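The values are calculated or read from the model by the stated rules, or taken from the named source; none is laboratory data. Keep in mind that this is a model prediction, so the values were computed, not measured. Ideal geometry is used to build each Cβ from the backbone, glycine not excepted, and the neighbour counts take in all protein chains shown. Surface areas here come from the heavy atoms of the whole protein model, side chains and all, with no ligands, DNA or RNA. Shrake-Rupley method; radii C 1.70, N 1.55, O 1.52, S 1.80 Å.
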Amino acid sequence: GATWKQVDELTASDGGANDCFGWAVGVSGKTVLVGAEQTNAKSGAAYVFKLKGGSKWSQQSELTDGDGGTANEFGYSAYLSGATAIVSADQASAGAGTAFIYKL
């Protein structure tokens, strides 16, 4: 049809105020990767959701900064292609930024 209608809503299982959930989004097939760069005291996180059935999405996992850094703003950008996810932390490496690569 020509009219869009909302069929679901994604939220983080541990979401809170000012997390910036949705700052970055990557989509590949029936998988969505959502960045929340301000969560966990600005350490950030990225959440993986899978489509279940026709229109219901379910959180599958939470990705965090592989270096265990604090205030790195992990989730500033998110890219997803098949079983590969790339998530940036723009304040990691003393503000130089880092991109973390994950494989399923």
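Checked against the criterion of being of a type in the set (Val, Ile, Thr) and free of Cβ contacts under 8 Å to residues at least 24 places away in the same chain, the candidates Thr84, Thr70, Thr98, Thr64 yield just one match: Thr84.
Residues that are modelled with pLDDT under 95, in a loop (DSSP other than H, G, I, E, B) and open to solvent by less than 50 Å² (accessible area, probe 1.4 Å): does region 18-27 have at least one? Looking for residues that are modelled with pLDDT under 95, in a loop (DSSP other than H, G, I, E, B) and open to solvent by less than 50 Å² (accessible area, probe 1.4 Å), one finds none in region 18-27, hence no. The residue list Ser58, Ser93, Ser88 contains one member that is open to solvent by 40 Å² or more (accessible area, probe 1.4 Å) and under 18 Å from Val25 (Cβ atoms), which is Ser58. Looking only at region 1-17, residues that are under 19 Å from Ser77 (Cα atoms) and open to solvent by 90 Å² or more (accessible area, probe 1.4 Å) come to 0 in all. Looking across region 48-86, the residues that are part of a loop (DSSP other than H, G, I, E, B) and not hydroxyl-bearing (Ser, Thr, Tyr) come down to Gly53, Gly54, Asp65, Gly66, Asp67, Gly68, Gly69, Ala71, Asn72, Glu73, Gly82, Ala83.
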